[in-house]
1. Just give me the residues in region 1-35 being in contact (Cβ under 8 Å) with a residue 12 or more places away in the chain and among the polar types (S, T, N, Q), in sequence order.
2. For residues that are over 22 Å from residue 11 (Cα atoms), touching a residue at least 40 places away in the same chain (Cβ under 8 Å) and surrounded by fewer than 16 Cβ atoms within 10 Å (Cβ to Cβ), tally how many sit in region 36-85.
3. Take residue 101 and tell me if it is modelled with pLDDT of 90 or more and in contact with a helix residue (DSSP H, G or I) (Cβ under 9 Å, 6 or more places away or on another chain).
4. Taking region 1-41 as the region of interest, how many residues are in a helix (DSSP H, G or I) and either at pLDDT 95 or above or under 15 Å from residue 79 (Cβ atoms) (or both)?
5. Applying the selection to region 47-76, what residues are in a loop (DSSP other than H, G, I, E, B) and not basic (Lys, Arg)?
6. Looking only at region 77-95, decide whether some residue is of a type in the set (Val, Ile, Thr), within 13 Å of the chain's Cα centre (by Cα) and assigned to a helix (DSSP H, G or I).
Amino acid sequence: MDDQTRTELEAAAFRTLLAHLDARSDVQNIDMMNLTGFCRNCLSRWYQDAAAERGIDMDKDSAREIIYGMPYADWKARHQTEASAQTQTAFDASFARNVGGKAR
């Protein structure tokens, strides 16, 4: 497979992931972090980092809007729920295990 085709397939898979996450707004970031070690915010940081590597200036809010499909504050107001004590405890334990508390 040539590099261009690989890039196109990866881009298509990424767009499908974003569409899936958009359709599953019921899935909370904290749950994703507890199960996978990354969440929508991680994706937005990775996107912002990739832009920076290419000399593209992108702020945190712009990257989040690309991943969330809307401003982050709007997504939180529409979809984010309060985490249970059990979920928060699991997150705290998982967060402590990650490298310096960073899911990167």
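1. Within region 1-35, 25, 28, 29, 34 qualify.
2. Here the count works out to 4.
3. Numbers: modelled with pLDDT of 90 or more: no; in contact with a helix residue (DSSP H, G or I) (Cβ under 9 Å, 6 or more places away or on another chain): yes.
So residue 101 fails the test.
4. Applying the first criterion (in a helix (DSSP H, G or I)) to region 1-41 yields 3-23, 29-36, 40-41.
Remaining after also requiring either at pLDDT 95 or above or under 15 Å from residue 79 (Cβ atoms) (or both): 3-23, 29-32, 40-41.
The qualifying residues number 27.
5. Initial filter on region 47-76 (in a loop (DSSP other than H, G, I, E, B)): 54-59, 69-71.
Listed by number, the residues that qualify are 55, 56, 57, 58, 59, 69, 70, 71.
6. Within region 77-95, the first condition is being of a type in the set (Val, Ile, Thr), and the residues that meet it are 81, 87, 89.
In the following step, the residues that additionally are within 13 Å of the chain's Cα centre (by Cα) were identified as none.
No, region 77-95 has no match at all.
The values are calculated or read from the model by the stated rules, or taken from the named source; none is laboratory data. Keep in mind that what you see is a predicted model, and the values were worked out from it rather than measured. Backbone-built Cβ (ideal geometry, glycine too); neighbour counts: all protein chains shown.
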